[in-house]
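Chemist: I'd like to ask some things about the structure below.
Read-outs throughout are calculated quantities, based only on the coordinates presented, and are distinct from any laboratory measurement. What you see is a predicted model, and the numbers here were worked out from it, not measured in a lab. Cβ placement follows ideal geometry from the backbone for every residue including glycine, while neighbour counts extend to all protein chains displayed.
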Amino acid sequence: MTVAVETGLWQLDPTASAVALRHRTFWGLVTVKGTFTTVGGRGTVAADGSATGTVTLDAASLDTGNAKRDTHLRSADFFDADHHPEITFAVRGAELRDGDAVHITGQLTVRGISRPQNLTARLTGVAADALTLETEFTVDRDEFGMAWNQLGMMRGLTTVAATLRFSRATA
């Protein structure tokens, strides 16, 4: 099955999109889950079908359901949201492969530190005026200066899951 995505500018629909994370903590006994409540972005699909764009998260919008933990996650121990209010994923290239699989190359920036990040997303819905991408990938928080690990409670990778709905932007 070949999927065709219309060329042009696409705007992220924040009301139909979600970006969440989960990280096993307390020596693997507890999984902390959270959702970024403020997400934005846009992208451009070129005539050859390739795409570029940016997804932006408000670092202070992370909600884990525990106010004390959320305040700590916004602090300099983790996201340092006062000095680095945005987390960005800059898509350098996106290419549709194997039906609904989208290979994405990009750069993730957290706390002002940028690292290359490649991932695969699934194109789960396509219409003339809307498309939805779903992905899940892991991030090593140490690579972004988030090495806080009291009593060795936090080890391993953080999993990021995203459902991103884009609508065609009107010129």
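Chemist: Going by how many other beta carbons lie within 10 Å of each one, how would you line up ASP77, ASP100, ASP48, ASP129, fewest first? Numbers along the way, then the final one.
Modeler: Values: ASP77 14, ASP100 17, ASP48 8, ASP129 11.
Ordered by Cβ neighbours within 10 Å, fewest first: ASP48, ASP129, ASP77, ASP100.
Chemist: How are the Cα pair distances of segment 15-69 distributed, in percent, across 10 Å bins from 0?
Modeler: P(r) over segment 15-69, rounded to whole percents: 20, 36, 25, 14, 5.
Chemist: Label points 7 Å out from Cα along the Cβ direction at HIS103 and ARG122: separation in nm?
Modeler: 2.0 nm
Chemist: Continuing with the same structure: Need the full-extension length gain, HIS83 to THR135, defined as separation in residues times 0.36 nm minus the C-alpha distance. One decimal, nm.
Modeler: Values: separation 52, 0.36 × 52 = 18.72 nm, distance 2.80 nm.
Separation in residues times 0.36 nm, less the Cα-Cα distance, equals 15.9 nm.
Chemist: Rounded to the nearest 0.05, what FRET efficiency do THR37 and SER75 give with R0 = 22 Å and r taken as the Cβ-Cβ distance? Could you check? It would help to have the intermediate numbers written out before the result.
Modeler: Details: r = 18 Å, r/R0 = 0.83.
Using R0 = 22 Å, I get an efficiency of 0.75.
Chemist: Summing -39500 (n - 2.57) over the DSSP H runs of n ≥ 4 in the chain and dividing by its residue number, what mean residue ellipticity at 222 nm do you reach, to the nearest 500 deg cm²/dmol? Show your work: numbers first, answer last.
Modeler: Working: 1 runs with 8 residues, N = 171.
Per the formula, -1500 deg cm²/dmol.
Chemist: Taking only C-alpha pairs under 8 Å that are 6+ residues apart, what is the relative contact order of segment 8-168 in percent? Intermediate values should be presented prior to the final figure.
Modeler: Values: 379 pairs, mean separation 41.3, N = 161.
For segment 8-168, the relative contact order is 26 percent.
Chemist: Moving to a separate point now. For the pair THR25/ILE113, report the inter-label distance in nm, with labels modelled 7 Å from Cα in the Cβ direction.
Modeler: Label-label distance for THR25 and ILE113, simple model: 1.8 nm.
Chemist: Okay, next question. Local charge sum around GLY112 (other residues, Cβ-Cβ under 13 Å, Lys/Arg +1, Asp/Glu -1)?
Modeler: Details: positive: ARG111, ARG115; negative: ASP80, ASP82, GLU86, GLU143.
With Lys, Arg at +1 and Asp, Glu at -1, the neighbours total -2.
Chemist: Further, regarding this structure: Only counting other Cβ atoms within 10 Å, I'd like LYS33, LYS68 sorted with the fewest neighbours first.
Modeler: Fewest-to-most ranking of LYS33, LYS68: LYS68, LYS33.
Chemist: Starting from the Cα of ALA90, step 7 Å along the direction of its Cβ; do the same at THR15; then give the gap between the two resulting points in nm.
Modeler: 3.2 nm
Chemist: Can you compute the charge dipole magnitude of segment 8-168 about its Cα centre, using +1 on each Lys and Arg Cβ and -1 on each Asp and Glu Cβ, nothing else charged? Give it in debye, rounded to the nearest 20. Working shown, then result.
Modeler: Working: 16 positive and 18 negative charges, 63 e Å.
For segment 8-168, the charge dipole is close to 300 debye.
Chemist: Please list the radius of gyration and Dmax for the chain, considering alpha-carbon atoms only, with Å as the unit.
Modeler: 16.7, 54
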